[in-house]
1. So for region A:284-301 (the condition being within 30 Å of residue A:351 (Cβ to Cβ), more than 14 Å from chain B (Cβ to nearest Cβ) and surrounded by 14 or more Cβ atoms within 10 Å (Cβ to Cβ)), does at least one residue qualify?
2. Considering only region A:89-105, state which residues are in a helix (DSSP H, G or I) and surrounded by fewer than 19 Cβ atoms within 10 Å (Cβ to Cβ).
3. Among the numbered criteria (1) at pLDDT below 90; (2) closer than 19 Å to residue B:344 by Cα, which single criterion is violated by residue B:291?
4. Name every residue in region B:126-154 that is more than 19 Å from the chain's Cα centre (by Cα), more than 10 Å from every other protein chain (Cβ to nearest Cβ) and closer than 19 Å to residue B:177 by Cα, in order of residue number.
5. Give the residue, chosen from B:427, B:393, that is surrounded by fewer than 23 Cβ atoms within 10 Å (Cβ to Cβ), more than 16 Å from ligand 2 (Cβ to nearest atom) and away from chain A (no Cβ under 14 Å).
6. Given the criterion modelled with pLDDT of 85 or more and either more than 9 Å from every other protein chain (Cβ to nearest Cβ) or surrounded by 17 or more Cβ atoms within 10 Å (Cβ to Cβ) (or both), identify the matching residue among A:35, A:15, A:23.
7. For region B:396-424, how many residues meet the condition of being over 25 Å from residue B:296 (Cα atoms) and either within 11 Å of ligand 1 (Cβ to nearest atom) or within 14 Å of chain A (Cβ to nearest Cβ) (or both)?
8. Only one residue in B:18, B:45, B:12 is assigned by TED's automatic domain parsing to the domain that holds residue B:208, within 15 Å of ligand 2 (Cβ to nearest atom) and at positive phi, so which one is that?
Amino acid sequence: MSDTQTVRPVEADQAVQLSYLEAPAARRARLSTGALLTILGVGFLILGVQVRGEARFALSTPFDPVQLPTIALPSTVTVLLCAVITLAVGVGYLTGRVPRGATSGLGALAAVAVFLGFVSWAAAGAAYPFPVGNQLAGTIALATPLVLGALGGVLCENSGVVNVAIEGQFLVAALTAATVGSVTGSITAALIGAAAAGVAMAALLALFSLRYLVDQVVLGVVLNLLATGVTGFLFDQLIQPNSGTLNNAPNMQSIRIPVLADIPLLGSVLFDQKILVYIAVASVIAVTFLLYRTRWGLRVRAVGEHPHAADTVGISVLAVRWQAVLLGGVFAGLGGAFFTIGSTGGFIKDITVGNGFIALAALIMGRWHPVRAALMAVFFGFITQLASQMQTLQTPMPSQFLLMLPYLATIIAVAGLIGRVRAPAADGVPYVK
Amino acid sequence: MSEQQSGLELRGITKRFGTFVANDHVDLDVRPGEIHCLLGENGAGKSTLMNVLYGIYQPDGGEILIDGHPQHFANPKQAMAAGIGMVHQHFMLVDVFTVAENLMLGREGGFVLDRARATAKVRELSERYGMPVEPDALVEDLPVGVQQRVEILKALANDARFLVFDEPTAVLTPQEIDDLIAVMRSLRAEGKGIVFITHKLREVRAIADRITVMRRGRIVGHAEPGTSEAELAELMVGRAVDLRVDKEPARPGEVRLRVRDLRVANSAGGVVVDGVGFDVRGGEILCIAGVQGNGQSELADALIGNITPLSGTVELDGVDITRAGPARSIAAGMGFVPEDREDDGFVASFSIAENLVLNRFDQPPFARGLALDLGAIADNAERLRQEFDIRSQGVSDTLASLSGGNKQKVVLARELSRELSLLVASQPTRGVDVGAIEFLHKRIVDERDKGTAVVLVSTELDEVEALADRVAVMYRGRVVGTVDPRTPRDVLGLMMAGVPYEEAVAAAGPSAPPGSTADSPTTTSGRRTP
Ligand SMILES: Nc1ncnc2c1ncn2[C@@H]1O[C@H](COP(=O)(O)OP(=O)(O)OP(=O)(O)O)[C@@H](O)[C@H]1O
Ligand SMILES: [Mg+2]
């Protein structure tokens, strides 16, 4: 149509590129990981030279039917070895000499070295061996509500509604589970009640953010305050005085999966657990399937990324967002139940002690993906448990510092290790035509 | 028009935004197997009318008929069900989805996604209409031309009988436009009725069966397919439009911008500008021509400082600004018109007045100490609105409520309204109507004549021809050669494919005498230096 002779310069499909360098974001992530590992490696070198004695790890408790040996490692050698591995991987990252395919493998190796080095140093010369089984069991107990809470957030935020009210959902659900459990004496009823409480909080979130377009972060903070206030009030006025009838819920009993639970060490940790642990694992799979393999999930992600585009193909943005927020409430509610009927059975004020925010951190560090968010939740559970184990081991490290570990890990990870953090494009943006 | 007539008919459509009437009793009809071109200046109400047709807006009056039956579209879903498909002025694609997922969205079939079927459907559609796309590619990784294809396939996937193309060619290169026109012809041959909105009159002449012109919300006339571009332009704008820029020959002064051996990588790490060097003098316009995606966008980004170059130097008036960020570049007197106005050009939720001082809000006369001088900002906005003919109800409207072309005018008005040493403009007239193009071209030439160095990135050969004093052709991140703007188009076309000037002249044949260029071209860092 133009008077140009038909010249086809380049295939329009292919962006023209001459050679590939490293993308800036990937480079930043590589350098910060490398720097962190190098610093840790040097630190371990220093610790390794000073440390004395043996580090002992108990693989079984005295009550286990199959007794595994207690492993004793020479702490100096172990810490130094871990130091060398950490340092080598760190320097490899820094210089960019790590072959492409091996980056994540070496990263995992370095992570193992960091933990082993740290624990060996801490356990060296201690009066009791480090209880590996305890560490694993504690990790799972701490991670379960985090995983469920993070999943609730994943659903909510993928649809474009920011949820900083996970803490509030936890709190209300924990109280509901305790009272419903006490009144009915049934774990199932308590779980249903907790899920309903999570949904009710989610409905408030959806109502004010979707209908009245309130700023979602502010709204989340307000909902958290509301939850603290309401549960605190009910606790003081109603539950405390009648704690025999209203705060006396049954505890979840462990459900033993035959055969699998008999595997030494891991078996009892993984396959002799409370129902909520199994629910959490199933939920990760279910949410992943829902989000990435179903029509509904495609729509949820579409309204979270580009609501306008979804609207023009006939999807009701508000309806999909409502659904996602409410379903997210179910998971957050189940997570909240774990604090009461999953542990002691009773509710006390602020029983969730900020776990909702850690779930939020797991969600962000997991980059809004259910599986990654769940892994981050497990990681947080692991660190928290490690910190409390260290306290009982009477290590040379001040316990306050240990309690800081989970938060330190969050800051370091958020500050650079995870590379490009990209929230759903319309996360927190209200949709008005 | 009989009631029995087959086709789509809009009757007396009226649409108001507040007190502003965007469509005033508009009639339009499309019959199967024809292409109906809808022309009109920026803000005439074309997109609004199409959004009413597609169920995005509810009309305040009038009716929509299909095959004589009245329709009511409460949402796009109902419009789609009635056989209407739309290619929107702003892409409606989810960037992080694959092509197949984008096509699937809204018509997924069963509860569990069937990816294999979706992929097959994309393949089938893309083969049937001759528009190659990779079903599993992520949309954000695709060049705009291909994204446009996806958008069109999305509209076709519904078996739409009537298709609306709202300015599909604004972001396309000449080659892509040729392809699109071929696609539209084959759709017409299949019996689809098409509404085609564009500001490029050449395209109208190439393809229209009927032409309707809108101005200020009303239909102001119809034209025959053979109508000349000048007449069409006059119908649209309501006055004679000078389609050619008359500019004095440049009087270049001192070198103001000096670029040497610049290498730039994009965000994915690909080296897309690979050893580019050029000088621009004050008082001249250097056009960077080339097929989109050959490094021009990244070159412009590196000049303003959005991307830090890997190596090389950029000097403005003798000062090294290679590593300067946008704030310093702007302070040094650089004006910048970004390629993607929606993302980089303005803050959509801010008012027109605020957007017009975005790069100067902290300087007098717009700031007094820490406070903004709202009066000065409003006066400035009112003055620029009149000068640049920005069509809006007032300067306190948000930018989001403006039509596409008027948003572009706001960006240009902001950049051209202050003292500049260098203007870097990418596709400055994208989506702007002919009347406004005339005015904006004049303003850019005026800027040049004030002694500003101008770098213009354009894929539009008409614009290159109209404005350039020199043309640097880029291919695969390098400058193939710097030539005179009067170089024949087929030679430019070959150079855009990477053929050096001498070979291009030889290949283009005797119809393109090499003597047609005044000064002999200088090959800066091309693939081969003679
Ligand atoms: N949502 C809205 N709210 C208020 N005013 C609006 C809105 N949408 C459009 N307008 C106004 O309606 C008028 C028509 O806009 P429209 O987008 O239909 O123009 P257009 O003909 O498509 O122009 P262009 O060629 O620049 O795309 C413009 O003046 C615009 O400011
Ligand atoms: Mg428009």
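1. Yes; the residues of region A:284-301 include at least one that is within 30 Å of residue A:351 (Cβ to Cβ), more than 14 Å from chain B (Cβ to nearest Cβ) and surrounded by 14 or more Cβ atoms within 10 Å (Cβ to Cβ).
2. Once the filter is applied, which keeps residues that are in a helix (DSSP H, G or I) and surrounded by fewer than 19 Cβ atoms within 10 Å (Cβ to Cβ), region A:89-105 yields A:91, A:94, A:95, A:100, A:101, A:102, A:103, A:104, A:105.
3. (2)
4. B:126, B:127, B:128, B:129, B:130, B:131, B:153
5. Result of the check over B:427, B:393: B:393.
6. A:35
7. Total satisfying the criteria: 7.
8. B:45
The values are calculated or read from the model by the stated rules, or taken from the named source; none is laboratory data. None of the values given here were measured: they were computed from a predicted structure. For neighbour counting, all protein chains shown are included, and Cβ atoms are generated from backbone atoms with ideal geometry for every residue, glycine included.
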